[in-house]
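Taking it in order: structure first as structure tokens, then the write-up.
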Amino acid sequence: MKKVLITGAASGLGRALALRFAKTGADICIADINMGGAAETLNMVEQAGGKGWIYELNVTVPEQWALLEQEVKKRWGGIDVVINNAGVATGDRIEAGEWAWWDWVIDINLKGVALGCRTFTPMMKEQGSGYFINVASLAGLMKAPSMASYNATKAAVVAISETMHFELKPYGIGTTALCPGFFRTNLNHGMKTSDPDMLKFVDKVFAASALDAEDIADAAYQAMVKKQMICNPHPVGRRAYFIKQYLPFLYRREMDKMALGLKKREDQRKAFKEGKDA
């Protein structure tokens with residue numbers, strides 16, 4: 001697993017994944033739209049014992065993926081691992097926020113992953129080997145209220161990955177859906193939401209997480225080695241998913257409590273606004 005392509009590798013989990021593979025001496029393509037951050041990642045990769053190159057990529061543009069494929073063929077002649085990590089966050093009630101945010105999150109989180117898989121599957125089939133790690137989220141397994149657009153994209157990434165896991169196995173190609181819960185990263189910095197309380201909540205749970213990006217990156221690497229279809233690295237996330245699968249009445253109870261709490265907060269905000277207007 002020496003030739004590794006990682007999208008969204010200029011910061012956060014993408015950078016941590018690059019550094020994890022650098023420890024094995026991998027040659028890493030750091031693909032991102034942020035060239036400054038990508039250059040910083042490359043410097044860190046080289047210090048960690050790896051090597052690599054940077055490539056400016058907008059994951060939503062098919063033509064850019066096609067050019068990247070040509071560059072990979074030219075430089076490497078093949079590829080071992082493609083990590084579709086680039087992603088963004090949204091958090092809103094179903095009727096709230098801008099409709100354009102749906103296009104934004106679907107284009108990056110869902111179509112960007114699908115494009116990465118479509119682009120490099122033929123190359124992997126031809127060489128008879130390869131591995132995809134598609135970064136989803138615990139939100140793809142556990143659909144909490146007030147995050148419909150984000151949940152939808154991450155559930156779709158899980159679905160794509162499960163499909164690929166079986167579809168590509170006969171060709172010697174593996175696929176893992178990485179489904180982390182909240183962890184300390186920068187995903188929340190560009191989050192789109194019309195609810196200021198959502199940002200406060202996300203900041204709070206990010207800060208309280210017991211895991212960081214390095215922990216998630218190591219879990220992803222180990223899942224690849226073990227050829228796991230789903231990697232759910234958080235212990236609390238595994239417990240929650242177990243409850244959903246085997247004790248669904250408890251899961252439904254917790255989701256109902258969460259939804260009622262959201263409604264109460266909305267009612268309080270509405271009453272405050274009406275009192276202020278009066």
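The values are calculated or read from the model by the stated rules, or taken from the named source; none is laboratory data. Keep in mind it's a predicted model, so treat the numbers as computed, not measured. Here Cβ is always computed from backbone atoms with ideal geometry, including for glycine, and neighbour counts include all displayed protein chains. Keep in mind that these areas ignore ligands, DNA and RNA; they rest on the heavy atoms of the full protein, side chains included. Shrake-Rupley method; radii C 1.70, N 1.55, O 1.52, S 1.80 Å.
Descriptive notes on the structure:
- Applying a threshold of 8 Å to beta carbon distances and a minimum spacing of six or more residues, or different chains, the list of pairs starting in the stretch 249-260 at a residue that is closer than 11 Å to Lys143 by Cα and ending at one that is among the aliphatic types (A, V, I, L, M) and open to solvent by 90 Å² or more (accessible area, probe 1.4 Å) is empty.
- Hey, Trp76 among the aromatic types (Phe, Trp, Tyr) and in contact (Cβ under 8 Å) with a residue 60 or more places away in the chain or not: yes
- Residues being open to solvent by 30 Å² or more (accessible area, probe 1.4 Å) and either among the charged types (D, E, K, R) or in a helix (DSSP H, G or I) (or both) - total across the stretch 225-239: 7
- Among the conditions (1) open to solvent by 30 Å² or more (accessible area, probe 1.4 Å); (2) within 16 Å of Phe182 (Cβ to Cβ), Val135 misses just one, which is (1).
- Residue match in the stretch 194-205 (condition: within 19 Å of the chain's Cα centre (by Cα), closer than 23 Å to Gly12 by Cβ, at pLDDT 85 or above and open to solvent by less than 70 Å² (accessible area, probe 1.4 Å)): no
- Within the stretch 117-143, the set of residues being under 22 Å from Ala213 (Cα atoms) and among the small types (Gly, Ala, Ser) comprises Ala136, Ser137, Ala139, Gly140.
- Of all residues in the stretch 144-156, those satisfying the criterion of being on the phi < 0 side of the Ramachandran plot and touching a residue at least 40 places away in the same chain (Cβ under 8 Å) are Ala144, Pro145, Met147, Ala148, Ser149, Tyr150, Ala152, Thr153, Lys154, Ala156.
- The single residue among Met164, Met142, Met147 that is of a type outside the set (Asp, Glu), surrounded by 19 or more Cβ atoms within 10 Å (Cβ to Cβ) and farther than 30 Å from Leu260 by Cα turns out to be Met164.
- Of the candidates Asp80, Asp103, Asp107, the single residue that is open to solvent by less than 40 Å² (accessible area, probe 1.4 Å), more than 12 Å from the chain's Cα centre (by Cα) and of a type in the set (D, E, K, R) is Asp80.
- Restricting Ala22, Ala38, Ala89 to those that are modelled with pLDDT under 95 and open to solvent by less than 40 Å² (accessible area, probe 1.4 Å) reduces the list to Ala89.
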